[in-house]
Amino acid sequence: MAFQKAVKGTALIGGGAIATVFGLSQFSQYRNKHGALGQVEAEEGVPVRRDHLPSREQQLLALQSGGEFDVLVIGGGATGCGCALDAATRGLKTALLERDDFSSGTSSRSTKLIHGGVRYLQKAIMNLDFEQSAPHLSAPLPIMLPIYKWWQLPYYWVGIKLYDLVAGSQCLKSSYVLTKARALELFPMLRRDKLVGAIVYYDGQHNDARMNLAIALTAARYGAATANYTEVRHLLKRPDTGSGRQRVCGVRCRDVITGKEFDVRAKCVINATGPFTDSVRRMDDQEVPNICQPSAGVHIVMPGYYSPDNMGLLDPATSDGRVIFFLPWEKMTIAGTTDSPTDVTSHPIPTEEDINFILSEVRNYLGADVEVRRGDVLAAWSGIRPLVTNPDSKDTQSLSRNHVVTVSDSGLITIAGGKWTTYRAMARDTIDTAIREHSLKAGSCRTMGLQLEGAQDWSPTLYIRLVQDYGLESEVAQHLASTYGGKAFEVAKIAQVTGKRWPIVGKRLVSEFPYIEAEVVYGVKEYARTAVDIISRRTRLAFLNVQAAHEALPRIVDIMAKELNWCEQKKKEELETAKTFLYYEMGYKVKTDQLTDSSEISLVPSDIERYKKRFHMFDKDKKGFITIVDVQRVLQSISVQIDENTLHEILNEVDLNKNGQVELNEFLQLMSAIQKGRVSGSRLAVLMKSAEEKLRRRQAIPVDRSGGGL
């Protein structure tokens, strides 16, 4: 049985070595593609790419112009935006509607790997596909497969080398075997007990939300009328002149922001709504059976010190047969994913059970000297995979992780299933079907190698020019270059002067991340309309650290209010909506639930006495609780200044019954949770410990111990 499992694993694991086939060979091909693109556009008749990006308001006017579109796409995820770009570059008059923000669903909640998971590799190999070119958004990432049994090594090795062979000249970097010593040198956190060696293969990593947005923006530049926060209410139909049958001819939609409703007419309507596929299909036919079976995948983010800067880890067979990745991402560490049935919802929530499962599996692969703490989970999220059954297949019970394209009797085209790996091929198949079924006049697919938003003027050394020309911090410049590509200069131009000697421009939203205030302004130009858009998709703060995102929210809302003319009531609503998003969807709730008023105090007597003494240094009057006034008094005595709003936030993190004060019992619950690893990074705990140490150092030395004196 173990032998069969290993052989099966060979077929699954090896494919990562050809991740470059999925669009990660851009580094080596950058100059060739960059130089050849102009010829492609001129020779093959790709529509002219607009230099100016239309505003959302202009896009809405285009949608309401009354003219008929060739193609109307419902859904602004990777698949929907891919369809819009494919159609627009073929010269078709194209519209795209998204009821939330671009990439607000599954497409922004992936593992951040191009192929989307080892389970997809066999099918992907049979349908080799290049992504559109976005070299600034993707990079090759080596991933280590630790081997703890000698007999597994040849099987995994043969499998990976077979995939290297299939990749051929497109394989950017070949897989290789590491000795135990070398594996521990490259991944020192790895469990060394019984380690035999390791195999390293290459996959591609990308900023999924930004990639999705780049596709949408590129489609807009090629003439597509794209609008987020535009909800489809129902489909429009009219009788076919020949057969008399009802045919889909457009949609009735609503601008979510203003509430205005209007019709958009189109020869062909495409349903590309991911997990919501069946809800749109039922708009067409209420009796149609479901084809989508949603599956939830949870990921967590931990501090960067849990993984090397440039090496991931793969556990191909967890305790329940699932696959776990452990990867560096945006200078943090991402771990996941789970795979469990779920209901379709716009607001999936990570569960404590899933988080603990991931942590448990991570512990199995890290050394005993690395304490994997629940409190180190900085963010957690759940994404819904749209697994589908093919309605045209005889075996309707089998789920497919590939995509299916179907056409209803009324002409509605549905593209369902799939993954990031093959979104461009999915779009090509869908538009080919649209052209065939609706007799549209267009040529073949023209997106192969097409440069996405930001790729045109990007180079690996672009960030140096940002530092030299604008006086940005190097870390900020690198972030802007890898996020916006050649458009980074537009962000730098609107960056505020800091008033410091260095950096000259670029005020950070929070100190520990390279996101700057100018990105909020630029995000509005890129169709961001809510604070959630900024913290989760224009920047990735919410996915990296929910507390940092929470801290940045007030400033983000202030900047957006100025750009979008929000009133005070609207600002309050945006702030509360964003806080709710962080609390439920990004793991803030499960993080704060680690410390509740029912949390046990499991401290030894000596620790209890030590923490009581620390508490009483603040509670001088022996009230049994401390307030912001007590903390301010102690801080003043050691010459430390913290503004009152921040102090309120610090105490509120520990004030479990929310009565404006921290009681002794709450403080002991906090220290107990910290010892157990359920809580980490408590500002109050660090502040009180630091103050205690400073007060002790400043205590007067008795004269008899000082050697005398005057």
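The values are calculated or read from the model by the stated rules, or taken from the named source; none is laboratory data. This structure is a prediction, so every number in the text was calculated from the model and none was measured. Cβ coordinates were reconstructed from backbone atoms using ideal geometry, including for glycine residues, and neighbour counts include every protein chain displayed. Areas reflect the complete protein model, heavy atoms only, side chains present, ligands, DNA and RNA absent. Shrake-Rupley method; radii C 1.70, N 1.55, O 1.52, S 1.80 Å.
Compute the Cα gyration tensor for region 252-387, then decide on rounded, prolate or oblate, letting a ≥ b ≥ c be the square roots of its eigenvalues: rounded whenever a/c is under 1.5, prolate when a/b is larger than b/c in the other cases, and oblate in all that remain. It would help to have the intermediate numbers written out before the result.
Numbers: a/c = 3.05, a/b = 2.22, b/c = 1.37.
Since a/c reaches 1.5 and a/b is larger than b/c, the shape of region 252-387 is classed as prolate.
For region 670-675, in order, what is each residue's ³J(HN,Hα) by Karplus, 6.51 cos²θ - 1.76 cosθ + 1.60 with θ = phi - 60°, in whole Hz (x at glycine and Pro)?
Each residue's phi maps through the Karplus curve to give 4, 5, 5, 5, 5, 4 Hz.
Run the numbers for LEU695 and GLN569: contour at 0.36 nm per residue of separation, minus the present Cα-Cα distance, in nm.
Net length gain for the segment: 40.9 nm.
How much area per residue is accessible in the chain when the probe is 1.4 Å and only protein heavy atoms are counted (Å²)? Before the final figure, lay out the partial values.
Working: 30350 Å² over 710 residues.
It amounts to 43 Å² per residue over the chain.
Per the 1.4 Å probe, what fraction of the accessible area of the chain, in percent, lies on carbon and sulfur atoms? Show your work: numbers first, answer last.
Working: 15320 of 30350 Å².
In the chain, the share of accessible area belonging to carbon and sulfur is 50 percent.
Is there a quick way to get the dipole size of the chain? I mean about its Cα centre, with the Cβ of Lys and Arg at +1 and of Asp and Glu at -1; what is the value in debye to the nearest 20?
Values: 88 positive and 83 negative charges, 207 e Å.
Using only the charged Cβ atoms, the result is roughly 1000 debye.
Round to the nearest 10 and report in Å² the accessible area of ASP51, as given by a 1.4 Å probe over the protein chains' heavy atoms.
My reading of the accessible area for ASP51 is about 140 Å².
Provide the per-residue ³J(HN,Hα) series for region 527-543, in order, calculated from phi with Karplus coefficients 6.51, -1.76, 1.60 and θ = phi - 60°, each as a whole number of Hz, with x at glycine and proline positions.
So the J values, rounded to whole Hz, are 6, 5, 10, 9, 5, 5, 4, 6, 6, 10, 10, 6, 10, 10, 3, 5, 7.
State, to one decimal in nm, how far the label point of ASN310 lies from the label point of ASP240, with both points 7 Å from Cα in the Cβ direction.
About 5.8 nm separates the two model spin labels.
Divide by every residue of the chain the summed helix terms, -39500 (n - 2.57) for each DSSP H run of at least 4, and state the resulting mean residue ellipticity at 222 nm, rounded to the nearest 500 deg cm²/dmol.
That calculation yields -12000 deg cm²/dmol at 222 nm.
Taking θ as phi - 60°, what are the ³J(HN,Hα) couplings along region 376-387 by the Karplus curve (6.51, -1.76, 1.60), each to the nearest whole Hz, with x for Gly and Pro?
Values per residue, Gly and Pro as x: 8, 6, 8, 7, 8, 8, 10, x, 9, 7, x, 5 Hz.
Leaving out same-chain residues fewer than 8 places away, which lysines sit with a Cα under 16 Å from that of LYS623?
Those lysines meeting the cut-off are LYS612, LYS613.
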